[in-house]
Amino acid sequence: MPDWQGASNQEEAHYGWSVAGAGDVNGDGYADIVVGAPDWNVEFVDNFGKVWVHHGSNSGLPTSATWTDNGASGGDRFGYSVRPRVTSTAMVMRSHRRRTRLDEW
């Protein structure tokens, strides 16, 4: 059994397509992660995409995300790529049409 696992409630969302260590985003001294699902659907519109942030703690990573965000429109595929920025602790989440920095939330 893995130390941690997560899942979305959409079978074809491709949860985990992109995963990255986020550093310590919330400043509590524990590492956080970001998980992307580029094919997440909103209502009946395909491929908005979604990103989940899981804040670490002294007991590990929670299965419930602390923060989420969807793509702006169908076909956006938000969460296709997530990565830490080399120059700061901010995360950058990309889609085909949109880029968001985690430190903007």
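Between rounded, prolate and oblate, where does the stretch 7-79 land on the alpha carbon gyration tensor, with a ≥ b ≥ c its root eigenvalues, rounded for a/c under 1.5, else prolate if a/b exceeds b/c? Don't skip to the end; give the middle numbers.
Numbers: a/c = 2.73, a/b = 2.25, b/c = 1.22.
Prolate is the answer for the stretch 7-79, as a/c is 1.5 or above and a/b outweighs b/c.
Could I have the simple spin-label model distance between ASN9 and VAL45, label points 7 Å from Cα toward Cβ, reported in nm to one decimal?
Each label point lies 7 Å from its Cα, and together they span 2.0 nm.
No lab work stands behind these numbers, since they all come straight from the coordinates. These numbers come from a predicted model, not from an experiment. No Cβ is skipped: glycine too gets one built from the backbone with ideal geometry, and neighbour counts run over all protein chains shown.
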